[in-house]
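Visitor: Provided herewith is a single structure, encoded as C-alpha cells, for subsequent inquiry.
The values are calculated or read from the model by the stated rules, or taken from the named source; none is laboratory data. Only a predicted model underlies this, so the values are computations on that prediction, with no experimental measurement involved. Note that we place each Cβ from the backbone using ideal geometry, even for glycine, and neighbour counts take in every protein chain shown. We work out accessible area using only protein heavy atoms, side chains counted, and drop any ligands, DNA or RNA first. Shrake-Rupley method; radii C 1.70, N 1.55, O 1.52, S 1.80 Å.
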Amino acid sequence: MIFVWGLGMGVAGIALGTACGAWINVGLLTWLGRDRDLLSIEQQFLRALPVALLAALATGAGAWIGANLLKAHGDVVALAAAIICAGVSYGIVLLLFRSRLPLGRLAR
C-alpha cells in the first residue's frame with residue numbers, strides 16, 4: 001500500500017511490494033531454519049552471496065538504464081534495450097567475479 005498509494009508507483013509498486021515481501025520471507029525462513037538447526041549455511045554460499053547480490057543490482061540497473069535510454073522510440077524498443085542491457089550487466093559481473101562463484105566446480 002505504501003508503494004502504490006503513498007508513493008504513487010501503481011503497478012510497479014505492486015511488483016516491488018511483492019518482491020520485498022518475498023525477500024522478507026526468505027530472510028525469516030533462513031533465520032528460523034538456522035535457529036532450529038534445520039539449515040546449514042556453507043562457506044561457499046557466504047562467499048558467493050555478495051557477488052549474487054551485486055549481479056542482481058547490476059541487472060536491475062542495466063534494465064533501468066536500457067529502458068530509459070530508448071524510451072522515446074516506443075515500448076517494444078525500450079523493453080528490448082532493457083533486456084539487452086540487463087543481460088550484459090549480469091554477464092559482466094559474472095565474468096569479473098567468476099572465481100568466487102560455484103560455476104560447475106565440485107564442492108570441496
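Visitor: Please work out if Arg34 is open to solvent by 40 Å² or more (accessible area, probe 1.4 Å), of a type outside the set (Ser, Thr, Tyr) and out of contact with any helix residue (DSSP H, G or I) (no Cβ under 9 Å at 6 or more places or on another chain).
Guide: Yes.
Visitor: Oh, and also: Would you check which residues across the range 1-31 are of a type in the set (A, V, I, L, M) and farther than 30 Å from Phe97 by Cβ and list them?
Guide: Those that are of a type in the set (A, V, I, L, M) and farther than 30 Å from Phe97 by Cβ: Met1, Ile2, Val4, Leu7, Met9, Val11, Ile14.
Visitor: In the set Ala55, Ala48, Ala61, which member is out of contact with any Gly (no Cβ under 7 Å at 6 or more places or on another chain) and modelled with pLDDT under 90?
Guide: On the way: Ala55 fails: modelled with pLDDT under 90; Ala61 fails: modelled with pLDDT under 90.
Testing whether each residue is out of contact with any Gly (no Cβ under 7 Å at 6 or more places or on another chain) and modelled with pLDDT under 90 leaves just Ala48.
Visitor: Just checking, how many residues over the range 51-84 are under 26 Å from Pro102 (Cβ atoms) and either open to solvent by less than 100 Å² (accessible area, probe 1.4 Å) or of a type in the set (Asp, Glu) (or both)?
Guide: 12
Visitor: Also: Starting from the range 32-50, keep only residues that are closer than 18 Å to Pro102 by Cβ and free of Cβ contacts under 8 Å to residues at least 12 places away in the same chain, then list their pairs with residues that are acidic (Asp, Glu) and open to solvent by less than 100 Å² (accessible area, probe 1.4 Å) whose Cβ atoms are within a distance under 8 Å, requiring at least 6 positions of separation or different chains.
Guide: As it stands, the answer is none, since no pair meets every condition given.
Visitor: Another question, if that's okay. Quick check on my filter: what residues within the range 3-31 are β-branched (Val, Ile, Thr), open to solvent by 60 Å² or more (accessible area, probe 1.4 Å) and within 24 Å of Leu49 (Cβ to Cβ)?
Guide: Thr18, Ile24, Val26
Visitor: Which condition breaks for Gly27 when tested against (1) more than 21 Å from Leu16 (Cα to Cα); (2) among the small types (Gly, Ala, Ser); (3) assigned to a helix (DSSP H, G or I)?
Guide: The single condition Gly27 does not satisfy is (1).
Visitor: Would you confirm whether or not the range 96-104 contains a residue that is more than 25 Å from Glu42 (Cα to Cα), aliphatic (A, V, I, L, M) and in a helix (DSSP H, G or I)?
Guide: Looking through the range 96-104, none of the residues is more than 25 Å from Glu42 (Cα to Cα), aliphatic (A, V, I, L, M) and in a helix (DSSP H, G or I).
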